[in-house]
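Working notes for the structure below.
The values are calculated or read from the model by the stated rules, or taken from the named source; none is laboratory data. The shown structure was predicted, so the numbers you read here are calculated from the model rather than taken from an experiment. Positions of Cβ are generated from backbone atoms using ideal geometry, with glycine treated the same way; all protein chains shown enter the neighbour counts.
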Amino acid sequence: MAQPIPFRNTGAARARHAKVMLLPIARQIADDLALRVHLSLDALRRGVGTKSDAQTLTQIMLLTHYLADAGFGSMSQEELHAAERASAMVFDAGRERNEWNLDEAGFELFASIATSYDRQLHRAPLWAITEASERLDRFIAGGADRVPARKRA
């Protein structure tokens, strides 16, 4: 009977995974994610946006805030609250009149947020992006959006 091959270098695999988590995501992936955001922003600016475009901007608003909370970039509470109000206006107009667009002030605000998000994607390590994404998922699911306590050695 053939002997099973034991798993080797499980410690090495864990070490590689830990190192990957310290690096930024691949440039092409970061560029693709940022492009989607900029396309949604442009569609809403031109007045041809959709609910999906508005959701995309709202999600990156939160992701940018979460990454800033983790120490990658900055986003003031005033900027966050202004973006929340602009997002609410987009959703209100979309639901009432099926017009998904941003006014000039909203566009400027979200253009700044999109630029910050772009920088964060290119600089923040994978662990920070993963935690921010998980926090967003919990928020969308209706749970707490706080960062869970990390295990300490």
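Quick notes
- Residues that are farther than 23 Å from His122 by Cβ, among the hydroxyl-bearing types (Ser, Thr, Tyr) and assigned to a helix (DSSP H, G or I), drawn from region 45-97: Ser52, Ser87
- Any hit, region 128-146, residues being modelled with pLDDT under 95 and in contact with a Lys or Arg (Cβ under 6 Å, 6 or more places away or on another chain): yes
- Evaluating Ala153 against the criteria (1) modelled with pLDDT under 95; (2) under 15 Å from the mean Cα position of the chain (by Cα); (3) among the small types (Gly, Ala, Ser) leaves one unmet condition, (2).
- Residues that are out of contact with any Ser or Thr (no Cβ under 8 Å at 6 or more places or on another chain) and closer than 15 Å to His38 by Cα within region 59-105 comprise Gln59, Ile60, Asn101, Leu102, listed in sequence order.
- Considering only residues in region 45-62 that are charged (D, E, K, R) and surrounded by 14 or more Cβ atoms within 10 Å (Cβ to Cβ), the one that is nearest to the chain's Cα centre (by Cα) turns out to be Asp53.
- For region 54-99, the set of residues classified as in contact with a Phe, Trp or Tyr (Cβ under 6 Å, 6 or more places away or on another chain) and farther than 14 Å from Ile129 by Cα consists of Ala54, Leu57, Gly94, listed by residue number.
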